[in-house]
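Chemist: The following block contains the structure, expressed as structure tokens.
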Amino acid sequence: MPEVVFPLDSTKKFPDQQLVGHNRWHPDIPPVATVSPGQSFRVHCREWFDGEIHNDDSAMDVRDAPLSIVHALSGPFAVQGAEPGDLLVVDILDVGPIPQEDSGPLAGQGWGYTGIFARQNGGGFLTDYFPDAYKAVWDFRGQTASSRHVPGVTFTGMVHPGLMGVAPSAALLAKWNQRESALRATDPDRVPPLSLPPLPQDAILGSLTGADFDRVASEAARTAPPRENGGNQDIKNLTKGSRVFYPVYVPGANLSVGDLHFSQGDGEITFCGAIEMGGFVDLHVDLIKGGMDKYGVSENAIFLPGNNNPQYCQWLAFSGISVTTDGEQRYLDSQLAFQRACLHAIDYLTRFGYSPEQAYLILGAVPIEGRFSGVVDIPNACATVYIPTEIFDFDVRPSASGPTKIKPGRGAPTASF
Ligand code: ZN
């Protein structure tokens with residue numbers, strides 16, 4: 001096992017750990033450790049809500065989830081010799097949940113959760129149709145996940161970090177704050193908001209204290225969006241075996257990682273749509289000196305996905321076009337087309353006895369494939385959603401005999417129960 005450079009004790013909250021991570025982006029957050037090019041190391045990760053979401057049958061915790069505390073990120077790790085203009089090469093050697101048999105301070109997991117966020121607290125891709133909070137708890141058995149809240153479904157996870165990235169430079173951070181506040185100003189009262197401003201409340205900034213803490217807390221970017229530094233990209237294909245190339249913006253690069261997912265569908269559509277969990281990730285780092293210029297990678301990471309994916313070979317696919325549910329024609333709106341494809345899939349799954357919320361949770365958590373299939377055929381964009389049929393313990397394909405009904409199970413409880 002590689003050396004643990006960021007240990008966590010799961011009996012303690014994130015700010016009370018031996019090494020304190022961070023939950024905002026800023027170049028002045030001091031590194032917690034320094035690693036060398038060529039080094040492999042292990043990092044423990046808290047789940048993104050630092051233990052606020054519980055293994056129970058109520059979604060009150062998701063409804064009231066404290067968004068100001070996310071994401072609990074491990075790091076930053078300075079890489080010796082990294083300079084602005086380099087590419088940081090990060091190999092994901094291994095990633096997984098905390099082993100259930102672990103009897104140490106990290107024991108007690110082996111499960112994760114998927115949430116539908118309420119419109120009033122975060123929202124989601126289909127928040128106009130699903131304004132209330134729901135939660136499904138998933139149990140892990142080796143590589144597979146199943147849930148007492150979503151009967152009839154068992155599948156192999158594609159374990160990955162939802163969030164990994166490097167620190168922005170001061171100039172890049174200023175650019176983020178400028179462009180995101182300009183967007184917010186176009187509709188400042190919107191619920192959910194168009195973007196999130198810096199928020200000193202609940203900021204965790206490593207070892208910073210005093211006036212430095214106050215200054216950085218007032219400037220630091222929230223971790224929700226993906227940006228040029230990588231960040232919360234939620235790419236389900238960043239599995240074990242992946243190699244990511246990050247542009248380096250500050251001396252040392254200052255790499256951070258967190259928000260581990262046992263599985264996720266393309267789009268992470270419920271917003272808390274992956275199976276969120278705490279766990280570990282083993283990383284190996286290296287540098288390509290001057291790589292940003294050499295390869296033209298100056299904005300946004302590139303990566304080689306791992307080849308450790310489940311071997312699903314049969315898929316039931318749903319398509320959608322850029323026409324609203326009210327019948328209004330939109331021009332090549334791929335976001336809308338993808339929504340319609342998801343709504344189509346949800347409606348189909350309800351014919352088998354699932355509630356719409358259970359079907360929505362399936363699309364968020366299962367490794368579905370989402371594609372922009374056509375983006376040029378005016379006026380309709382076409383998007384498609386592919387669900388592996390083998391995840392169901394019944395035949396989900398259409399046939400002359402009609403859909404078989406599943407037993408509803410305990411369902412996915414809402415906050416209002
Ligand atoms: Zn996540």
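The values are calculated or read from the model by the stated rules, or taken from the named source; none is laboratory data. These numbers come from a predicted model, not from an experiment. Because the Cβ atoms are built from the backbone with ideal geometry, glycine has one as well, and the counts that use them run over all protein chains shown. Each accessible area value is taken on the protein alone, full model and side chains, heavy atoms only, with ligands, DNA and RNA left out. Shrake-Rupley method; radii C 1.70, N 1.55, O 1.52, S 1.80 Å.
Chemist: Of the residues that make up the stretch 115-133, is at least one assigned to a helix (DSSP H, G or I), assigned by TED's automatic domain parsing to the domain that holds HIS22 and either within 16 Å of the ligand (Cβ to nearest atom) or open to solvent by less than 10 Å² (accessible area, probe 1.4 Å) (or both)? Before the answer, list the steps.
Modeler: Residues of the stretch 115-133 that are assigned to a helix (DSSP H, G or I), as a first pass: 119-121.
Narrowing the set further to residues that are assigned by TED's automatic domain parsing to the domain that holds HIS22 leaves 119-121.
Filter once more, keeping what is either within 16 Å of the ligand (Cβ to nearest atom) or open to solvent by less than 10 Å² (accessible area, probe 1.4 Å) (or both): 121.
Yes, there is a match, as at least one residue in the stretch 115-133 is assigned to a helix (DSSP H, G or I), assigned by TED's automatic domain parsing to the domain that holds HIS22 and either within 16 Å of the ligand (Cβ to nearest atom) or open to solvent by less than 10 Å² (accessible area, probe 1.4 Å) (or both).
Chemist: Restricting to the stretch 24-51, and then to whatever is in contact with a helix residue (DSSP H, G or I) (Cβ under 6 Å, 6 or more places away or on another chain) and on the phi < 0 side of the Ramachandran plot, can you tell me which residue is surrounded by the fewest Cβ atoms within 10 Å (Cβ to Cβ)?
Modeler: By that ranking, first place goes to ASP28.
Chemist: Within the stretch 56-92, can you find the residues that are part of a strand (DSSP E or B) and out of contact with any Ser or Thr (no Cβ under 6 Å at 6 or more places or on another chain)? Steps first, answer last, please.
Modeler: Let us first name the residues in the stretch 56-92 that are part of a strand (DSSP E or B), namely 73-79, 87-92.
If the condition is that a residue be part of a strand (DSSP E or B) and out of contact with any Ser or Thr (no Cβ under 6 Å at 6 or more places or on another chain), then SER74, PHE77, VAL79, LEU87, LEU88, VAL89, VAL90, ASP91 are the ones that fit.
Chemist: If you scan the stretch 197-216, which residues turn out to be touching a residue at least 40 places away in the same chain (Cβ under 8 Å) and within 23 Å of the chain's Cα centre (by Cα)?
Modeler: Answer for the stretch 197-216, where residues must be touching a residue at least 40 places away in the same chain (Cβ under 8 Å) and within 23 Å of the chain's Cα centre (by Cα): PRO198, LEU199, GLN201, ASP202, ALA203, ILE204, LEU205, GLY206.
Chemist: I need a count of the residues in the stretch 313-338 that are of a type outside the set (Gly, Ala, Ser) and under 22 Å from the mean Cα position of the chain (by Cα).
Modeler: 3
Chemist: Same structure again: Looking at PHE262, PHE245, PHE271, can you tell me which residue is touching a residue at least 60 places away in the same chain (Cβ under 8 Å), open to solvent by 10 Å² or more (accessible area, probe 1.4 Å) and within 12 Å of the ligand (Cβ to nearest atom)? Outline the logic, then answer.
Modeler: Values: PHE262 fails: open to solvent by 10 Å² or more (accessible area, probe 1.4 Å); PHE245 fails: within 12 Å of the ligand (Cβ to nearest atom).
None of the other options fit; the residue is PHE271.
Chemist: (1) touching a Cys at 6+ places or on another chain (Cβ under 7 Å); (2) on the phi > 0 side of the Ramachandran plot: which one isn't true of GLY267, the others all being true?
Modeler: (1) is the only condition that GLY267 fails.
Chemist: So in the stretch 225-237, with the set limited to residues that are open to solvent by less than 10 Å² (accessible area, probe 1.4 Å) and within 15 Å of the ligand (Cβ to nearest atom), which one is farthest from LEU173 (Cα to Cα)?
Modeler: Residue satisfying both the conditions and the ranking: LYS236.
Chemist: For the stretch 144-164, how many residues meet the condition of being within 12 Å of the ligand (Cβ to nearest atom) and of a type in the set (Ser, Thr, Tyr)?
Modeler: Total satisfying the criteria: 0.
Chemist: Hey, can you tell me all the residues within the stretch 52-86 that are of a type in the set (Asp, Glu), within 16 Å of the ligand (Cβ to nearest atom) and surrounded by fewer than 18 Cβ atoms within 10 Å (Cβ to Cβ)?
Modeler: Across the stretch 52-86, the qualifying residue is only GLU52.
Chemist: Given the conditions (1) within 12 Å of the ligand (Cβ to nearest atom); (2) among the polar types (S, T, N, Q); (3) more than 9 Å from the chain's Cα centre (by Cα), and given that ASN254 satisfies all but one, which numbered condition is not satisfied?
Modeler: Failing condition for ASN254: (1).
Chemist: Going through the stretch 254-264 one residue at a time, which ones are out of contact with any Cys (no Cβ under 8 Å at 6 or more places or on another chain) and among the hydrophobic types (A, V, I, L, M, F, W, C)?
Modeler: Scanning the stretch 254-264 gives LEU255, PHE262.
Chemist: Please name all residue pairs, on different chains or six or more residues apart, with Cβ atoms under 6 Å, provided the first residue is in the stretch 61-77 and is without any contact (Cβ under 8 Å) to a residue 40 or more places away in the chain and the second residue is within 15 Å of the ligand (Cβ to nearest atom) and open to solvent by 10 Å² or more (accessible area, probe 1.4 Å).
Modeler: none
Chemist: If you check LYS240, LYS294, which single one turns out to be more than 16 Å from the ligand (Cβ to nearest atom) and surrounded by 16 or more Cβ atoms within 10 Å (Cβ to Cβ)?
Modeler: LYS240
Chemist: Let me ask another. Open to solvent by 30 Å² or more (accessible area, probe 1.4 Å), over 26 Å from THR209 (Cα atoms), part of a loop (DSSP other than H, G, I, E, B) and at pLDDT below 95: does that describe ASP9?
Modeler: no
Chemist: Moving to a separate point now. Looking only at the stretch 343-396, which residues are under 25 Å from VAL159 (Cα atoms) and open to solvent by 40 Å² or more (accessible area, probe 1.4 Å)?
Modeler: Once the filter is applied, which keeps residues that are under 25 Å from VAL159 (Cα atoms) and open to solvent by 40 Å² or more (accessible area, probe 1.4 Å), the stretch 343-396 yields GLU369, ARG371, PHE372, TYR386, GLU390, ASP393.
Chemist: If you take the residues of the stretch 87-112 that are at pLDDT 95 or above and surrounded by 24 or more Cβ atoms within 10 Å (Cβ to Cβ), which of them is nearest to VAL166 (Cα to Cα)?
Modeler: LEU88
Chemist: From ASP286, ASP282, ASP266, ASP259, which residue is under 25 Å from ALA33 (Cα atoms) and touching a Lys or Arg at 6+ places or on another chain (Cβ under 8 Å)?
Modeler: Numbers: ASP286 fails: touching a Lys or Arg at 6+ places or on another chain (Cβ under 8 Å); ASP266 fails: under 25 Å from ALA33 (Cα atoms); ASP259 fails: touching a Lys or Arg at 6+ places or on another chain (Cβ under 8 Å).
Being under 25 Å from ALA33 (Cα atoms) and touching a Lys or Arg at 6+ places or on another chain (Cβ under 8 Å) holds for just one of ASP286, ASP282, ASP266, ASP259, which is ASP282.
Chemist: Which of (1) assigned to a loop (DSSP other than H, G, I, E, B); (2) in contact (Cβ under 8 Å) with a residue 60 or more places away in the chain; (3) away from the ligand (no atom under 16 Å from the Cβ) is the odd one out, the single condition PRO193 does not satisfy?
Modeler: All conditions pass for PRO193, except number (2).
Chemist: Scanning the stretch 144-190 for residues that are within 25 Å of LEU363 (Cα to Cα) and not in a strand (DSSP E or B), which turns out most open to solvent (accessible area, probe 1.4 Å)?
Modeler: Residue satisfying both the conditions and the ranking: ARG148.
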